[in-house]
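In what follows, a single structure is set out as structure tokens and then discussed.
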Amino acid sequence: MLAFYPGDFTPTCTKQFCNYRDGREQIDDLDAEVVGISPQDVGSHERFISEHGLTVPLAADVDKSVAKAYGVLAPGGGFVRRAIFVIDPEGVVRYRKVALVGLGFEDADDLRSALDSARAAA
């Protein structure tokens with residue numbers, strides 16, 4: 001699962017990844033890898049993880065090429081939209097949810113629902 005998010009240390013992104021930390025048992029029970037991805041660099045991600053005790057690995061997409069490839073770069077390329085993708089072992093996207101406005105997020109329960117939907121569709 002790829003969890004695109006706009007930025008480290010922003011209020012909603014912090015709530016999102018702290019929810020994943022607090023729901024670690026639920027995340028671990030998914031039988032799927034969850035990776036957060038945003039345009040900040042590795043140093044920023046390391047500070048974000050350290051300051052909040054985050055448990056989901058974070059990937060750096062500094063040039064936003066991954067966000068662009070997945071279609072989650074907002075018009076004009078200014079920011080990355082919050083999005084969840086479930087990708088099967090063969091690399092096929094089985095579930096996609098992209099937020100037009102990033103004020104909310106998919107919590108640990110929502111990730112379970114997304115994964116269940118993806119598995120049912122496969």
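The values are calculated or read from the model by the stated rules, or taken from the named source; none is laboratory data. Small disclaimer: the values here were computed from a predicted structure and weren't measured. Note: ideal-geometry Cβ built from the backbone for every residue, glycine included; neighbour counts use all protein chains shown.
Within the range 59-68, if we keep just the residues that are among the small types (Gly, Ala, Ser) and within 15 Å of the chain's Cα centre (by Cα), the residue that is surrounded by the most Cβ atoms within 10 Å (Cβ to Cβ) turns out to be Ala67.
Give me the residue from the range 2-32 that is aliphatic (A, V, I, L, M) and over 13 Å from Phe105 (Cβ atoms) and, out of that set, nearest to the chain's Cα centre (by Cα). It comes out as Leu2. Restricted to the range 88-118, and to residues there that are among the acidic types (Asp, Glu) and either modelled with pLDDT under 90 or in contact with a strand residue (DSSP E or B) (Cβ under 8 Å, 6 or more places away or on another chain) (or both), the residue that is surrounded by the fewest Cβ atoms within 10 Å (Cβ to Cβ) is Asp109. Gly91 - would you say it is farther than 15 Å from Met1 by Cα and free of Cβ contacts under 8 Å to residues at least 60 places away in the same chain? Answer is no for this residue.
State whether the residues of the range 33-46 include one that is modelled with pLDDT under 95, within 14 Å of the chain's Cα centre (by Cα) and not aromatic (Phe, Trp, Tyr). So far as the range 33-46 goes, yes, one or more of its residues are modelled with pLDDT under 95, within 14 Å of the chain's Cα centre (by Cα) and not aromatic (Phe, Trp, Tyr). Within this structure, Arg82 fails the test of being over 18 Å from Tyr20 (Cβ atoms), modelled with pLDDT of 90 or more and under 14 Å from the mean Cα position of the chain (by Cα). Tell me, please, whether a residue that is of a type in the set (Phe, Trp, Tyr) and closer than 24 Å to Ser117 by Cβ can be found in the range 12-31. Taking every residue of the range 12-31 in turn, at least one turns out to be of a type in the set (Phe, Trp, Tyr) and closer than 24 Å to Ser117 by Cβ. Among residues of the range 89-122 being in contact with a helix residue (DSSP H, G or I) (Cβ under 8 Å, 6 or more places away or on another chain) and among the acidic types (Asp, Glu), the one that is farthest from Asp28 (Cα to Cα) is Glu106.
Considering only residues that are exposed (fewer than 14 other Cβ atoms within 10 Å of the Cβ) and not small (Gly, Ala, Ser), look in the range 48-58 and name the one that is nearest to Met1 (Cα to Cα). Only one residue tops the list, namely Pro57.
Selection of the range 1-44 for residues being among the aliphatic types (A, V, I, L, M) and free of Cβ contacts under 8 Å to residues at least 24 places away in the same chain yields only Val42. Screening Val56, Val66 for residues that are of a type in the set (A, V, I, L, M) and either without any contact (Cβ under 8 Å) to a residue 12 or more places away in the chain or more than 23 Å from Arg21 (Cα to Cα) (or both) leaves exactly one candidate, Val66.
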